[in-house]
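A quick write-up on the structure given underneath.
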Amino acid sequence: MKRSQIRKFFLAGSVCGLLAACGGGSGGGIASTPPPSPTPPMGSAAAPPIPAGPIGLQSSAPFITASVSTDGWGSIWSEEDVVRITYSATDGTYRVDGGTYVPLTADGTYNSNGWTNIERTRGYISVDGSSQFNSKSFSLDWPQSSRFTYTSFGSEYQSASFGEHKRVLAYGIPTSANDVPITGTASYSGDIRGLTNGRLSPTGGVGPSLDVFGSVDLAFNFAAGTLSGEMRPRIAIGVNGTPLGTYAFRDTVYSTGSTSFSGSFAAPGSNAESFFRGRFTGPQGTELMANWQAPFVYPNTTEIGTMAGVWIARRN
């Protein structure tokens, strides 16, 4: 288990208040609008039932996970394999941190004939398989709408008297140690999701975190054991978000045949701590996932904040 925690403060104002269309999302490819944080309301009663079939990735072994969390006190932290997700082929259910995920509705579009597109399911985690639920809403991206096959996104939300608790996560099927390519080169492109810890509001309170989204590109030379790339995050301010610049990789660590890699960023406007830690997923390292943390400059200011998140990428 790894945990990196920085305490700063949030920008006041909710994400939905800053976005003209808070319901936008990504169904694969490069997101043009930020995926919404999960919220307690479970959707319209008029929505059709969730279609039969898999609602997430399927694997006989536990998934690997990467996640980032925030709380109402202004903290943000990034972790690996803290969220425990397993799939049961016997009954098609997902166990999350000891409880069973019960999807109640979905986000997407539908008409009188049913769903035309599903982005994610949303529901709660049952307590020990009973009819009782914990207080956290949970979501999993819909696999049929994703361009990723062996890796996917999820999220978690819980309201509290002192603020919101949010988590975004990636989960995937790990590439085995003897299945990582050791010759040739490959490029990967993917999507990022994250959160900010923001800053102290003028009234002295701690505001909610803002969503972060965007794209990432990686280039591996498997034979030489080298890695380069860049991340292009956007913060959820404005209709389509506000770009935060290009975060070029630096200090990368990767060796031939390794199932993991790491590095840091050349962050625009700041030399504060940054990192990313990733692992390959799927056969022959077809995909990969990572968690990351980096500083950023609040748009139209010189103030430095901290953001953290996860990314998923697929070989081009």
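The values are calculated or read from the model by the stated rules, or taken from the named source; none is laboratory data. Model, not experiment: these values are computed from the prediction. Cβ atoms come from the backbone with ideal geometry, glycine included; neighbour counts cover every protein chain shown. Note: areas computed on protein heavy atoms with side chains; ligands, DNA, RNA excluded. Shrake-Rupley method; radii C 1.70, N 1.55, O 1.52, S 1.80 Å.
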Surrounding net charge for ILE50, when Lys and Arg each add one and Asp and Glu each subtract one, Cβ distance under 14 Å:
-1
Give the accessible area for ARG84 in Å² (nearest 10); use a 1.4 Å probe, count only protein heavy atoms, and leave out ligands, DNA and RNA.
140 Å²
Expressed in whole Å with the largest first, what are the equivalent ellipsoid semi-axes of the stretch 230-287 derived from the C-alpha gyration tensor as the square root of 5 times each eigenvalue?
27, 16, 7
Work out the length of the dipole vector of the stretch 172-312 about its Cα centre, built from +1 on the beta-carbon of each Lys and Arg and -1 on the beta-carbon of each Asp and Glu, and round it to the nearest 20 debye.
140 debye
Ranked order, TYR110, TYR157 - accessible area, probe 1.4 Å, largest first:
TYR110, TYR157
